[in-house]
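A short reminder: the numbers here are calculations on the coordinates, not readings from a lab. Bear in mind the structure is a predicted one, so any value in this text is a computation, not a measurement. Note: ideal-geometry Cβ built from the backbone for every residue, glycine included; neighbour counts use all protein chains shown.
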Amino acid sequence: MSIKTNLSEIQSQLPSHVSLVAVSKTKPVEDLMEAYESGQRIFGENKIQEMADKHQQMPKDIQWHMIGNVQRNKVKYMAEFVDLIHGVDSEKLLNEINKQAEKHQRTINCLLQLKIAQEDTKFGMTAEAAHTLLESDHFKSLKNIAIVGVMGMASFTENSAQIKEEFTTLKSTFESLKKISPELEIISMGMSGDYPLAIDCGSTMVRVGSRIFGARNYAI
């Protein structure tokens, strides 16, 4: 099926309060433009340089989301244009994002990435660390970042009960953090294989790649 058909099918399944991030990593600009011409405006990349290159080549009404693990020394390459950074997992990274955003006289929206999976390969803060961060005077002094929600990645498993439990954990942590920071709005969880379950568990933003663009080519 075409990218347009895939997008249309997914969009028809999404409640109105759920945003769709088209995960376009490793995909050529031609594929992204097909999605763009079908109405998609939010694209997610996991490598800053690749995202910056695509930003240069594509229309400027696109919202670019950085969904991968962020290296602090590369924040400067996306600070001018990135709309939302999903993977904020430390105070040091927040400090760098704030510093680079200030240089461009803008505020960068961020999600706190929480570790909900049991796998060691998944990144993220603990719920306790997130609470401590949001309550700290230092965090309140950062004027060029805005924490607008949370993100989490479930375990890579066929066990739907485990995935549901992990998603439910993220939702409950979000509700707890919202008592500290009422401005939190986004729960980014759910990917191609599990986004319907994520939505049932409270997700407001899903990150879908292969279901839109087909399998990725990691050789490029």
What list of ³J(HN,Hα) couplings, whole Hz, do you get for region 186-201 from phi and the Karplus terms 6.51, -1.76, 1.60, once you set θ to phi - 60° and write x for glycine and proline? 9, 10, 8, 8, x, 10, 3, x, 9, 5, x, 5, 4, 5, 4, 8
So for region 48-115, considering every pair of alpha-carbon atoms, how many percent are separated by more than 18 Å? 30 percent
For Lys143, list the lysines whose Cα falls under 20 Å from its own Cα; do not include residues on the same chain fewer than 8 positions away. Lys76, Lys92, Lys99, Lys103, Lys178
Pick out which of Asn159, Asn98, Asn46 has the largest mean-square fluctuation in a Gaussian network model of the chain, springs linking Cα atoms closer than 10 Å. Asn159
Within a Gaussian network of the chain (alpha carbon springs, distance under 10 Å), most fluctuating of Ala161, Ala117, Ala130: Ala161
As I understand it, the dipole of the chain uses +1 on the Cβ of Lys and Arg and -1 on the Cβ of Asp and Glu, about the Cα centre. Which of Val208, Val70, Ser172 lies farthest toward its positive end? Val70
Residues whose modelled amide H sits under 5 Å from the amide H of Gln113, counting only those 5 or more places away in sequence or on another chain, are Val88, Asp89, Met125, Met151
Can you give the helix-only mean residue ellipticity at 222 nm for the chain, where every DSSP H stretch with n ≥ 4 adds -39500 (n - 2.57) and the sum goes over all residues, rounded to the nearest 500 deg cm²/dmol? -11500 deg cm²/dmol
What is the packing order of peptides 194-205, 13-24, taking the mean over residues of other C-beta atoms within 10 Å and listing the highest first? 194-205, 13-24
By the Cα gyration tensor axes a ≥ b ≥ c (a/c under 1.5 gives rounded; else a/b larger than b/c gives prolate, otherwise oblate), the shape of the chain is oblate
